[in-house]
Each structure stands twice: as C-alpha cells, then as structure tokens.
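Beneath this line is the structure, given in structure tokens, with notes to follow.
Bear in mind these aren't lab numbers, they're just calculated from the coordinates by the rules spelled out. This structure is a prediction, so every number in the text was calculated from the model and none was measured. With ideal geometry, Cβ positions are generated from the backbone for all residues, glycine too; neighbour counts draw on all protein chains shown.
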Amino acid sequence: MATWDFQKAPDKVCPQCETVYEVQYHQVPMKDVDSFNCFTCGLELDSWKSTRYPIFKLKTKGKWPKDEPAV
C-alpha cells in the first residue's frame, strides 16, 4: 500500500448494537493515534497508532438500547 492510498476492507459490525460500517484504510506518511467509537452506542470499535488508519462510513444503524426481554 503506497502513501496516500485507500484500501477497502470488510464491513465492521458493532457487537453491541449491530450497527454496520463500511471500512476503508488510508495510508499517510506520518503516524496517527486515534480511535473510533460506534455512533449508535458509543462502544470503541477500533484504535490505532500507525501510518495506516481506518475510515468508517455508516451503512446501517443498529438499535440501542436493545429491547429488554419480557420476563
């Protein structure tokens, strides 16, 4: 992967609320330190300290809070 390139990755599904994100990796010449939290429930889905980092694009919003099961 060359500097400034983009590379498509498999979709990422939040394990907590099932929100689906399209993921694309971006390569830059300097390290980026950051993380990404789910837009719907706030769960941290990824963190990085690298010259290659993910870009998340919302595809399908999950449900949060989850319905409580009837007792």
Positive dipole terminus of the chain, leading residue within S35, P54, V13 (C-beta point charges): P54
Once you keep just the Cα pairs under 8 angstrom separated by 6 or more residues, what percentage relative contact order results for segment 6-60? 38 percent
Just want the ordering: F56, F39, from fewest to most Cβ atoms lying within 10 Å of their own Cβ. F39, F56
Partners for K66 among lysines (Cα-Cα distance below 27 Å; same-chain residues under 8 apart left out): K12, K57
Of [x] 3, 14, 18, 14, 9, 6, 5, 4, 4, 6, 6, 5, 3, 2, 0; [y] 4, 17, 22, 20, 15, 11, 6, 3, 2, 1, 1, 0; [z] 4, 19, 25, 24, 16, 7, 4, 2, 1, 0, the label for P(r) over Cα pairs in 5 Å bins from 0, in percent derived from the coordinates: [y]
If I stretch the segment between T60 and N37 completely, what's the gain in nm (0.36 nm per residue apart, minus their alpha carbon distance), one decimal? 6.8 nm
